[in-house]
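Novice: Below you will find the structure I want to go over with you.
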Amino acid sequence: MRKLVILLSLAVLSGCTALVVGGAGVVGYQLGKDDRPPAVVTSDSAITTKIKGKYAADDVVSVFNISVRTYEGTVTLSGTVGSILARERAETLARETNGVIVVNNQIIIEDRTQ
């Protein structure tokens, strides 16, 4: 019985190897195609993740689909929201995030009363 459990565990885990190795390959590919140093890519990714986390927890902007892209500390926001309040709140949350240098707010206010 013990041998069966070990064999099944190895069979299941061997499938994970391709995911781990493949995932590492994708990251390596992205870094190879990006002109930023790896530390900057990591920092930009962390900034984007922090901002998205703030959006998910915020009552005003969590209901909207806002795209966040970060390049060398410059954050670009895009998407649509239903009010000027939501647009401004999204910008404020991004601007208050550590590591953000500039926020380029391209969010469009969509009239949802029709």
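Throughout, read-outs are computed from the coordinates displayed, never taken from laboratory work. Since the structure is predicted, the reported quantities are computational estimates derived from the model, not experimental observations.
Novice: How much of the pair distance distribution for the range 37-100 lies past 13 Å, counting alpha-carbon pairs only, in percent? Before the final figure, lay out the partial values.
Specialist: Details: 1155 of 2016 pairs.
Every Cα pair in the range 37-100 considered, those over 13 Å come to 57 percent.
Novice: Starting from one equal scatterer on each C-alpha and no solvent at all, send me the Debye-based log10 I(q)/I(0) for the range 69-114 at q = 0.15, 0.17, 0.23, 0.25 Å⁻¹, two decimals.
Specialist: -0.38, -0.47, -0.74, -0.84
Novice: Going Cα to Cα from residue 54, which aspartates and glutamates come in below 18 Å? Please leave out same-chain ones fewer than 8 positions away.
Specialist: In chain and number order, the partners are 44, 88, 91, 96.
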